[in-house]
Amino acid sequence: MNLPNKLTVFRIFLIPVFMILLIAQWPAGSFTLAGTEILWSRVVAMIVFAVASATDWFDGHIARSRGLVTNFGKFADPLADKMLTMTAFIFMVALNLAPAWVVAIIVCRELAVTGLRLIVVENNGKVMAAAMPGKIKTTCQMLSIIFLLFGDIFHLGTILLYLALIFTIYSGYDYFHSSWDVFKGSM
């Protein structure tokens, strides 16, 4: 297994660590920043999430720059991103940090595009790599989660969340529009 794929797998292993930190609310206590009370446990969880998110950039950069792009990476990298962000968003709804309707749209899009990727592989034998709108969507989602966990100071998390929603919808449309030929003749 090459280094980019190891980073992708590492990102997946950080998901339960992130969840435990949010559930356990450890370390206890809080501090105030810009008039917002911020729990230490969320800061630690945010740091773990940020590290996991950073591996997304590093694995892609290393894979492209060193010619280590694999079908496993093309499939597992976006899947790891979806697992990480959907886990965070679901917990954020439970913690009243994100509106459920926004998260529902994001989760539905992620599942639909994952299904589309499987159909494309089955029909064409090729793994669908992430397109630029999808990369922007993922970046906005990850940054929104980081800022929301950090107390949504200056509403940056909320702004990024709605920007992520726009790119989530657009990139979902883009994936389906560019792959519409796999549905021709089957409807």
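Of the residues making up segment 28-42, those that are part of a loop (DSSP other than H, G, I, E, B) and aliphatic (A, V, I, L, M) are A28, A34. The single condition from (1) in a helix (DSSP H, G or I); (2) in contact with a Phe, Trp or Tyr (Cβ under 8 Å, 6 or more places away or on another chain) that M128 fails is (1). Against the conditions (1) crowded, with 20+ Cβ neighbours inside 10 Å; (2) out of contact with any Pro (no Cβ under 6 Å at 6 or more places or on another chain), G73 satisfies every one except (2). Conditions: (1) in contact with a Pro (Cβ under 9 Å, 6 or more places away or on another chain); (2) under 23 Å from F58 (Cα atoms); (3) modelled with pLDDT of 95 or more. M142 meets all but one. Number of the miss? Only one criterion in (1) in contact with a Pro (Cβ under 9 Å, 6 or more places away or on another chain); (2) under 23 Å from F58 (Cα atoms); (3) modelled with pLDDT of 95 or more is unmet by M142, namely (1).
Scanning segment 63-78 turns up at least one residue that is among the hydroxyl-bearing types (S, T, Y), outside any loop (DSSP other than H, G, I, E, B) and at pLDDT 95 or above. R42 falls short of the stated requirement of being at pLDDT 90 or above and under 22 Å from A76 (Cα atoms). Of all residues in segment 130-146, at least one satisfies being of a type in the set (A, V, I, L, M, F, W, C) and without any contact (Cβ under 8 Å) to a residue 12 or more places away in the chain. Taking segment 1-31 as the range and being farther than 30 Å from S65 by Cβ and of a type in the set (S, T, N, Q) as the test, the residues that pass are Q25, S30. How about segment 32-54: which of its residues are more than 30 Å from G67 (Cβ to Cβ) and touching a residue at least 40 places away in the same chain (Cβ under 8 Å)? Scanning segment 32-54 gives L33, A34, T36, E37, I38, R42, V43, A45, M46. Of all residues in segment 150-171, those that are at positive phi have Cβ atoms under 7 Å from Cβ atoms of residues that are surrounded by fewer than 20 Cβ atoms within 10 Å (Cβ to Cβ) and part of a helix (DSSP H, G or I), 6 or more apart or on another chain, in D152/T158.
Answer yes if at least one residue in segment 81-102 is at pLDDT below 95 and part of a helix (DSSP H, G or I), and no otherwise. Yes: segment 81-102 contains one or more residues that are at pLDDT below 95 and part of a helix (DSSP H, G or I). Please verify whether segment 107-114 includes one or more residues that are more than 16 Å from the chain's Cα centre (by Cα) and either hydrophobic (A, V, I, L, M, F, W, C) or not in a helix (DSSP H, G or I) (or both). For segment 107-114, residues more than 16 Å from the chain's Cα centre (by Cα) and either hydrophobic (A, V, I, L, M, F, W, C) or not in a helix (DSSP H, G or I) (or both): absent. All of (1) more than 18 Å from N5 (Cβ to Cβ); (2) in contact (Cβ under 8 Å) with a residue 12 or more places away in the chain; (3) loosely packed, with under 13 Cβ neighbours inside 10 Å; (4) out of contact with any strand residue (DSSP E or B) (no Cβ under 8 Å at 6 or more places or on another chain) hold for F91 with one exception: (3).
Matching residues to (1) of a type in the set (S, T, Y); (2) touching a Pro at 6+ places or on another chain (Cβ under 8 Å):
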{"position": "I20", "(1), (2)": "no, no"}
{"position": "S65", "(1), (2)": "yes, no"}
{"position": "L68", "(1), (2)": "no, yes"}
{"position": "K82", "(1), (2)": "no, no"}
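All conditions in (1) over 28 Å from L33 (Cβ atoms); (2) in contact (Cβ under 8 Å) with a residue 40 or more places away in the chain hold for G125, with the sole exception of (2).
The values are calculated or read from the model by the stated rules, or taken from the named source; none is laboratory data. From a predicted model like this one, the values you see are computed outputs, not experimental measurements. Note: ideal-geometry Cβ built from the backbone for every residue, glycine included; neighbour counts use all protein chains shown.
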